[in-house]
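Chemist: Sharing a structure below in structure tokens format, with a few things to ask.
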Amino acid sequence: MTFGAWAATVSLAAVITLVCAMRMASDPAVFACCYFSAAGTVMSVMDIKVMRLPDFMTLPSYPVMLVALAWASSQIGEARSLYRAAGAAAILLALFGVLHLTAGVGLGDVKLVGLIGMLLGFQGWTVVLRGLFLACMIAAGWAAAMRVQARRDAHIPMGPALVAGTLLALMA
């Protein structure tokens, strides 16, 4: 990518993170949400450009997310939300792992959805379902647009839809 493309990506990530920070300022998980919005935006742009979610972005995000959510859990004084986050991550990893093996979902998307499960699971099961539903609707809209353009065999990067659905679910 050119310098201009990276500058635009970083600017977009900064704006989305600022909106996330302002919307969730009173939520103890605000740091996790802001981290995800910045990293998720960069990962989405990379997924659109090169059709990959690189390990150097997804894998280091797991300990960052875990520490941010553990801190948030300590602020509200309950471990239940942290256990729910781990459970949601495990369920989504398993679900998308099966989709990877059977339906051609990319392995990068599987790794990304674990982070999404942690973040949405911390907020509650309803938020997990809302985020998945929104991500599926965004991906379906994108696929329909590709079909209208007669690009029926085009691969659709799921990362941007997953990130957008997650951020919309968090801010709803």
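Chemist: Please specify each residue of the stretch 54-66 satisfying the condition of being open to solvent by 30 Å² or more (accessible area, probe 1.4 Å), closer than 29 Å to residue 3 by Cβ and either in a helix (DSSP H, G or I) or among the small types (Gly, Ala, Ser) (or both).
Modeler: 55, 56, 57, 64, listed by residue number.
Chemist: Give the residues of the stretch 103-112 that are at pLDDT 95 or above and open to solvent by 30 Å² or more (accessible area, probe 1.4 Å), sorted by residue number.
Modeler: Result: 111, single match.
Chemist: Another question, then. I'd like to know if the stretch 99-106 contains one or more residues that are without any contact (Cβ under 8 Å) to a residue 40 or more places away in the chain, touching a Leu at 6+ places or on another chain (Cβ under 9 Å) and at negative phi.
Modeler: Looking for residues that are without any contact (Cβ under 8 Å) to a residue 40 or more places away in the chain, touching a Leu at 6+ places or on another chain (Cβ under 9 Å) and at negative phi, one finds at least one in the stretch 99-106, hence yes.
Chemist: Check 95, 115, 119 and return the single one that is open to solvent by 70 Å² or more (accessible area, probe 1.4 Å), within 22 Å of residue 55 (Cβ to Cβ) and modelled with pLDDT of 95 or more.
Modeler: Result: 95 is the single residue among 95, 115, 119 that is open to solvent by 70 Å² or more (accessible area, probe 1.4 Å), within 22 Å of residue 55 (Cβ to Cβ) and modelled with pLDDT of 95 or more.
Chemist: If the requirement is being open to solvent by less than 70 Å² (accessible area, probe 1.4 Å), out of contact with any helix residue (DSSP H, G or I) (no Cβ under 7 Å at 6 or more places or on another chain), closer than 17 Å to residue 166 by Cα and touching a residue at least 24 places away in the same chain (Cβ under 8 Å), which of these qualifies: 90, 85?
Modeler: 90
Chemist: Looking at the stretch 122-150, which of its residues are farther than 19 Å from residue 105 by Cβ and among the charged types (D, E, K, R)? Give the derivation first.
Modeler: First pass over the stretch 122-150, keeping only residues farther than 19 Å from residue 105 by Cβ: 122-127, 130, 145, 148-150.
Scanning the stretch 122-150 gives a single hit, 130.
Chemist: Moving on to the next point. Residue pairs, Cβ under 9 Å, 6 or more apart or interchain, first in the stretch 1-28 and without any contact (Cβ under 8 Å) to a residue 60 or more places away in the chain, second among the β-branched types (Val, Ile, Thr) and open to solvent by 40 Å² or more (accessible area, probe 1.4 Å). List them.
Modeler: Matching pairs, first to second residue: 1/50; 28/76.
Chemist: Check 140, 85, 135 and return the single one that is at pLDDT below 95 and more than 22 Å from residue 54 (Cβ to Cβ). I'd like the intermediate steps shown before the answer.
Modeler: Numbers: 85 fails: at pLDDT below 95; 135 fails: more than 22 Å from residue 54 (Cβ to Cβ).
Criteria check complete, one pass: 140.
Chemist: Taking the stretch 26-53 as the search range and keeping residues that are farther than 18 Å from residue 124 by Cα and of a type in the set (Gly, Ala, Ser), which one is surrounded by the most Cβ atoms within 10 Å (Cβ to Cβ)?
Modeler: The residue in question is 40.
Chemist: Please determine whether any residue of the stretch 123-138 is among the small types (Gly, Ala, Ser), in contact (Cβ under 8 Å) with a residue 60 or more places away in the chain and assigned to a helix (DSSP H, G or I).
Modeler: no
Chemist: Please go through the stretch 139-172 and give me each residue that is open to solvent by 40 Å² or more (accessible area, probe 1.4 Å), without any contact (Cβ under 8 Å) to a residue 24 or more places away in the chain and of a type in the set (A, V, I, L, M), ordered by number.
Modeler: Across the stretch 139-172, the qualifying residues are 140, 144, 145, 148, 150, 156.
The values are calculated or read from the model by the stated rules, or taken from the named source; none is laboratory data. Note that the structure is predicted; figures quoted are calculated from it, not measured. Virtual Cβ from ideal backbone geometry, glycine too; neighbours counted across all protein chains shown. Each accessible area value is taken on the protein alone, full model and side chains, heavy atoms only, with ligands, DNA and RNA left out. Shrake-Rupley method; radii C 1.70, N 1.55, O 1.52, S 1.80 Å.
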